[in-house]
Structure formats: structure tokens, C-alpha cells
Amino acid sequence: MKKRNVTLYIVVATLLTGTLLSGCKEKAPQAVARQRAVEVETVTVNTQPLQLDVELPGRTSAYRVAEVRPQVNGIIQQRLFTEGSEVEAGQLLYQIDPSIYQARYDSAKAALARAKAVEHSARLKAERYEKLVSTKAVSELDQVENEANWKQAVADVAAAEAALNSARINLDYTRITAPVSGRIGRSLITEGALVTAQQSMPLATIQQLDPMYVDVTQSSTELLRLKKELAAEKLDGASAARSEVRVIFDDGSEYAQPGLLEFSDVTVDLSTSAVTLRAKIANPDEELLPGMFVRARISKGVKQDAVLIPASSMSRNPKGQAIVMLVNDKSVVESRIVETGPSIGEKVVIEKGLQGGETLITAGLQKIKSGIPVTTVAAQGEKAAQPQAMNTASSLAAAKTE
């Protein structure tokens, strides 16, 4: 009797346990699903027009540089300018002792007068013999000789005129004038010093400071990529030869006057694999001086379909590739590898991997992984992700050099 009761108890317990387990199995997926639905913040990816700039290091240089040099030998009598002042083209700077050159000029002038007198006499004699030969009063041989003497006298006059011009030029060279307008530096020669026409040392240097040149270097790889983008019409309003340039000082302040890119070298530096670019900047107040280290912000054009995302929404895999987390149409997390461009404040430009309209996870990344379901809420900074015209000043010099 007791054995039947025990057996009956075991059967009932087994049935109850099976019923409970079957109920749990039916409810478990729903419970697990609810447990894994993590709440994350998201933004909708949008494309927008983006002004692309690049900052490159460079140095300023004078628009014109002219070295003042003597063209004749002599003793410096006077220095007629103030060091560091502005001078005008043609302004007298130095006076060389002109006495020797004045004497040579006077001698050449007298030689010319003598040659003209001889030519006048020879011409009259040749004209007289030309009339006499027609009446057979003189021989034709005498007439030919007198005409040849007159032509030789004409040549002597021309030689004397050339000698006089040479003497006048050398006399003028004793007055050393400014070849260009600009600011003149210190004088390297004092009064009483002997100068020669072949000396290697200049007397002074004049630099034109308005406008100024800014010479920068850009990676040849980046320059080639920019040309390809222009050819493919990915950038609007860009011109490789006339891009706008802004100068940034060491303290981060921006120079008020804009400039234009004027020149791109045709040779790549073998040691740095970089190309030299030259911009011309207005410098009316001479705030820029030659040799200053600056950064040039060069406009590359406008990219109409740029994609920007918060930098905090991006991570890296073990290979160093950039990864973002997206929410697909089934509310499931999906990871994707993207190619990044320049950073703009707290945002990053995405070159490849994202399209407009996709849902990007910006917060809660530490609680999710690819393949799990999530519930989404709008991120607080979602307004910042809406389309708008943006301007970037990305410091790409180091990256592009690599």
C-alpha cells in the first residue's frame, strides 16, 4: 500500500515538473529578448555641403628682393639714405667719386667734336671733287679717294659718339640708385670704402614687402588626390591655381588680409616628397615680415555630399580600422568599417562607408555588440547632425606628409 502511494506521488511530481518546465521554455525567449533590448542614443546620418580647407606650414618671403651693387670702380663719397627706411625706385643711394669718369666723359666729348670737324671737311672736299670730275678737271681716282676719306670720317664720328655714350653711362653709374621701391636694410659699406664692379658683396638690399609671398609645402600624394577630386567634380568652386589662402600666426590669430594661391612648383622635392606652393598676400601695413613662420589655410572647394559624425561614436578594431555601430530596419545592431577624413572640432568626416538616412548609435556603445536588438532614443546633439553649411580648418600637414 505504501509502495503504491510512493509511486503515485512520483508520477504526479514528474507531471507537474514537466508542465512547469514547458511553460518556462515558452516564456524564456520573450524574457531574454526583453532583457537584451538595450536602450541607445542615435542620430540620423545626413549629407551636407562642406567647405574643405587644408592648413600647411610655410614661411613668408618678400615679393621682390634687389641687391644694390656698384657697376664701376671707385671710392664711396656719400651714403644718401636712412637704413631701414622706405625708398623709391630711382632714388639716389650712394655717390661714387665721379672725377675720373667726368674727365673721361669730357675727353670723349672733345674727341667727338674733333671727329665731326674732320668729317665736315672731308664731306666738302668730296662734294667739290664730285663736281670737278665731271669736267675732267680732276681724275676719277682722286675723286674716289676723297669720297673714301669722307666715309671714313663719318665712321670716326660714329665711333666717337659711341665712346661718348660709354663715358656718359659710366659717369651715371657713379650715382647708385634704387632699382626697385621697397624697404632698404642696413648698409654694408661706409663712406670712404673702395668698391668694384665685380665685387661679390652687395652694398645694401631692398625688399618689397607689399604684397608678400607665403611659400608652403604640400605632400605630392595629397596634391594628386586633390587633382583627381577636381577632375571627378567631387569638389565645387575649387581652382588649383586660384584658391583662397588665409594666414594663421603662431599664436593662432588669423591675418586680416586674404590671399590667392599663385604658383605650384613643377618639381617634387626628393628628400620630403613634397611640392612647394606659393601664395600672394596683401601686406599694406607691413605686418608680415620676410622669414616669418606661419600656417596657410588653403581652400580646396565645397563637397556637397559630405557625411559628418560625432567622433565619440567611432571606435577602432585591432587592425586600426575605424568602426561605427548602426541600427538596421529590424532594430538590430550592425557594425561597419568606414574610411575617415579630416576632423572638424568634435566631428569626423566619413569618406566611405556611410550614407544619408542611416541610423548611427552615438551613446551606449559599451553595452552593445553586433547582432543584439536595441531600442533607440534621439541623441541630445541630433540637431547638430542636421544638414548645414560648415567650414573646416583641418590641420592635415603632418598626416599628409606621412
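None of the figures in this text is laboratory data; all of them are computed from the coordinates on show. Computed from a prediction, not measured in an experiment: that's the story for all the values here. Note: ideal-geometry Cβ built from the backbone for every residue, glycine included; neighbour counts use all protein chains shown.
Key figures for this structure:
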quantity: Amide proton proximity set for Ala306, modelled H, under 5 Å, gap of 5+; calculated: Gln48, Leu50
quantity: Those residues of the stretch 85-113 whose amide nitrogen sits under 20 Å from the label point placed on Leu289, 7 Å along Cα→Cβ; calculated: 85-87
quantity: Average Cα contact separation per residue, the stretch 99-173, under 8 Å, 6 or more apart, as relative contact order %; calculated: 51
quantity: Label zone at Ser271 (point 7 Å along Cα-to-Cβ), backbone N below 11 Å, the stretch 42-78; calculated: none
quantity: Above-threshold pairs, the threshold being 18 Å between Cα atoms, out of Lys125/Lys151; Lys330/Lys369; Lys303/Lys347; Lys303/Lys352; Lys280/Lys303; calculated: Lys280/Lys303
quantity: Nearby aspartates and glutamates by direct alpha-carbon distance to Lys109 (threshold 18 angstrom, same-chain neighbours under 8 apart not counted); calculated: Glu119, Asp156, Glu161, Asp172
quantity: Order of Asp269, Asp156, Asp53 under a 10 Å beta carbon neighbour criterion, fewest first; calculated: Asp269, Asp156, Asp53
quantity: In order through the stretch 315-324: 3J(HN,Hα) via Karplus (6.51 cos²θ - 1.76 cosθ + 1.60), integer Hz, x for Gly, Pro; calculated: 9, 10, 8, x, 7, x, 7, 6, 10, 10
quantity: Modelled label reach - Ala256, point 7 Å along Cα→Cβ, the stretch 286-326 residues with backbone N closer than 13 Å; calculated: 286-288
quantity: Quarter of the Cα convex hull surface for the stretch 80-120, i.e. its orientation-mean projected area (nm²); calculated: 4.4
quantity: Gain in span if fully extended, Ser220 to Ala103, counting 0.36 nm per residue against the direct Cα distance; calculated: 36.0 nm
quantity: Ranked list, fewest to most other Cβ atoms within 10 Å of each Cβ, for Ile350, Ile281; calculated: Ile350, Ile281
quantity: If the convex hull is drawn through the Cα atoms of the stretch 99-173, its volume per residue in Å³; calculated: 56
quantity: Whole-angstrom gap from the stretch 312-365 to the stretch 67-132, using each part's C-alpha centre; calculated: 81
quantity: Residues Ile184, Ile323 arranged by fewest to most Cβ contacts within 10 Å; calculated: Ile323, Ile184
